[in-house]
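What follows is a set of notes on a single structure, which appears directly below.
Every number in this text was worked out from the coordinates using simple rules, so none of it is lab data. As the structure is a prediction and not an experimental result, all values here were calculated from the model. Glycine also receives a Cβ, built like all others from the backbone with ideal geometry; neighbour counts cover every protein chain displayed.
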Amino acid sequence: DRADLYASWFRCLADPTRIQILNLLATERRPLSVGEIVGLVDVGQSTVSEHLRRLAETCFVHVEHRGTSSYFQINESCVDCFPSAAEFVMGKVRQDSLPAPRPGVTSRRTRRATAPAGQARAGNRRST
């Protein structure tokens, strides 16, 4: 149901720290690691990670896993189609322009389960 989708977006953006992180990602215009984000906002690593997970699940950010690190970048197409409260209430939002939610998108386990055979194992090897 679209009302549930929109409500999840609004709930996600109801936190000031998430707004700060989105603003940082939009300003930087490049993928940032969790450590870089922690260095630029006034909250701890576990809190930043939780906020990034919520932002990724609601499509506001893309996550890219590189070895043991995760890099986050703003998803401009999602931000561009985010409906304003007035558009939602007035029924003026194009249904086909909205991305679907992505629960579990930051999970390495989910990524391994959906990766082509051999690719997930090769990406998880550490060089010695």
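Summary of values
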| item | result |
| --- | --- |
| Translational D in µm²/s for the stretch 29-77 (Stokes-Einstein at 4 °C, 1.567 mPa s, Kirkwood Rh from C-alpha pairs) | 119 µm²/s |
| Only Lys, Arg (+1) and Asp, Glu (-1) charged, at Cβ; the stretch 2-52 dipole about Cα centre in debye | 220 debye |
| Segment GLU64-ASP42, extension gain: residue separation times 0.36 nm, minus the distance between their alpha carbons | 5.6 nm |
| GLU28-ALA3 pseudo-label distance in nm [points 7 Å out on the Cα-to-Cβ vector] | 3.8 nm |
| Amide H contacts under 5 Å for ASN75, placed H, 5+ residues apart | VAL61, HIS62 |
